[in-house]
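The values are calculated or read from the model by the stated rules, or taken from the named source; none is laboratory data. Since we're looking at a predicted model, the values are computed, not measured. All Cβ positions, even for glycine, are placed from backbone atoms using ideal geometry, and neighbour counts span all protein chains on display.
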Amino acid sequence: MSANVAFIGLGLMGTGFTRRLNETGHTIAGYDVDAARLSAASAWGVTAAASPKESAATADIVMICVTTSKAMKEVVLGKGGLLEGSVSGKTIVDFSTCEIPVTRAVAEAVVEAGGTFIDAPVSGGPGQAELGTLAIMAGGSDAALSTARPVLENLGKVTHMGDVGAGQATKLVNQALCLTNYCVVAEGLRIAEAFGVDASKIPEALEPGLGNSAVLQAVYPRMVAEDFAPRGYARQILKDFEMLIEATREKHISLPMAFQAATLYRMLCAGGDAELDGSAVVKLIPKPE
């Protein structure tokens with residue numbers, strides 16, 4: 001299936017997404033607030049638009065991947081936003097990690113304007129987006145998912161979790177599991193170093209066992225190499241931790257591990273490393289003498 005896709009947000013993840021969409025035969029009109037990103041995306045077949053509204057004018061499906069709830073809301077409801085044009089009959093898919101109340105409010109506005117809305121946060125980095133191997137956690141109606149699924153399945157494994165908001169709730173679970181693991185894996189590296197074993201062999205040694213994880217295989221090697229070029233920014237991890245803590249506050253859920261990990265990322269960002277990869281959290285744990 002080839003579709004006309006509007007893609008809004010051409011950062012690290014948006015680059016991976018749009019490269020994959022181009023490779024799988026879709027026509028893409030793109031928009032980003034950063035003109036340099038928009039210009040760069042022309043190299044892999046993205047036609048530049050002047051606004052979200054313009055990008056969506058001829059699209060069958062509109063995809064959003066931005067960094068904050070405020071930015072997502074602005075894309076849909078703000079000046080030059082999607083609802084300044086027609087979304088009648090269009091499916092809007094939001095890959096961003098957003099607050100559940102904001103997601104539901106924006107979805108309601110889209111439905112009132114004649115469109116459908118899917119919250120579809122993802123797990124996996126830009127590389128997985130480009131390979132089409134993301135985990136996609138979707139919330140929305142059966143009809144909306146049926147329409148979007150043929151395109152979404154080019155990007156990864158799609159699991160329909162429930163109504164609008166269920167995708168974001170599932171992403172909270174993912175973040176609790178995944179992002180605390182960044183900190184645990186960093187501790188594992190320092191243990192290996194302290195006892196003089198070849199730290200680079202840890203992922204291979206533990207791969208068949210219960211200590212294995214995607215973070216161990218993908219993130220730990222960056223820690224070993226001290227390669228902190230961003231695949232995902234430390235500031236975004238902190239943003240997701242803050243969202244997790246706020247979302248679960250009213251449920252009175254105790255999250256001691258997530259609270260401690262969030263503190264480490266606050267320290268990392270306050271220390272001037274917000275633009276580094278999340279793996280840079282290992283810098284906060286002193287190397288053994």
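Below is a table of values for the structure above.
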{"read-out": "Residue that is of a type in the set (A, V, I, L, M, F, W, C), out of contact with any Phe, Trp or Tyr (no Cβ under 7 Å at 6 or more places or on another chain) and within 24 Å of M13 (Cβ to Cβ), where the choices are A280, A270, A229, A258", "value": "A229"}
{"read-out": "Checking Y233 against (1) in contact with a strand residue (DSSP E or B) (Cβ under 9 Å, 6 or more places away or on another chain); (2) surrounded by fewer than 17 Cβ atoms within 10 Å (Cβ to Cβ); (3) aromatic (F, W, Y), the condition it does not meet", "value": "(2)"}
{"read-out": "Residue identified as farther than 28 Å from L238 by Cβ, crowded, with 16+ Cβ neighbours inside 10 Å and among the polar types (S, T, N, Q) among S55, S86, S69, S96", "value": "S55"}
{"read-out": "Some residue of segment 154-165 being at pLDDT 95 or above, under 13 Å from the mean Cα position of the chain (by Cα), outside any helix (DSSP H, G or I) and polar (S, T, N, Q)", "value": "no"}
{"read-out": "Tally of residues being buried (at least 18 other Cβ atoms within 10 Å of the Cβ) and free of Cβ contacts under 8 Å to residues at least 12 places away in the same chain across segment 176-230", "value": "1"}
{"read-out": "Meets criteria (assigned by TED's automatic domain parsing to the domain that holds T27, of a type in the set (A, V, I, L, M, F, W, C) and part of a loop (DSSP other than H, G, I, E, B)) for V62", "value": "no"}
{"read-out": "Single condition F241 does not satisfy, out of (1) of a type in the set (F, W, Y); (2) part of a helix (DSSP H, G or I); (3) touching a strand residue (DSSP E or B) at 6+ places or on another chain (Cβ under 6 Å)", "value": "(3)"}
{"read-out": "Complete set of residues in segment 108-130 that are within 15 Å of the chain's Cα centre (by Cα) and not in a loop (DSSP other than H, G, I, E, B)", "value": "I118, D119, V122, S123, P126, G127, Q128, A129, E130"}
{"read-out": "Residue count for segment 1-27, restricted to those that are touching a Phe, Trp or Tyr at 6+ places or on another chain (Cβ under 6 Å) and either crowded, with 24+ Cβ neighbours inside 10 Å or not assigned by TED's automatic domain parsing to the domain that holds E54 (or both)", "value": "2"}
{"read-out": "Candidate set: segment 131-153, residues that are among the hydroxyl-bearing types (S, T, Y) and assigned to a helix (DSSP H, G or I); chosen: the one surrounded by the fewest Cβ atoms within 10 Å (Cβ to Cβ)", "value": "S146"}
{"read-out": "Residue that is outside any helix (DSSP H, G or I), of a type in the set (D, E, K, R) and farther than 17 Å from C183 by Cβ, where the choices are E289, E246", "value": "E289"}
{"read-out": "Residue check for V76: without any contact (Cβ under 8 Å) to a residue 40 or more places away in the chain, among the β-branched types (V, I, T) and in a helix (DSSP H, G or I)", "value": "yes"}
{"read-out": "Cβ pairs under 7 Å, 6+ apart, first in segment 241-257 and in contact (Cβ under 8 Å) with a residue 40 or more places away in the chain, second among the aromatic types (F, W, Y) and in a helix (DSSP H, G or I)", "value": "F241/Y265"}
{"read-out": "Residue in segment 250-262 that is under 18 Å from the mean Cα position of the chain (by Cα) and assigned to a helix (DSSP H, G or I) present", "value": "yes"}
{"read-out": "Tabulated pairs, segment 116-137, first outside the structural domain of F95 (by TED's automatic domain parsing), second surrounded by 24 or more Cβ atoms within 10 Å (Cβ to Cβ), C-beta under 9 angstrom, 6+ apart or interchain", "value": "none"}
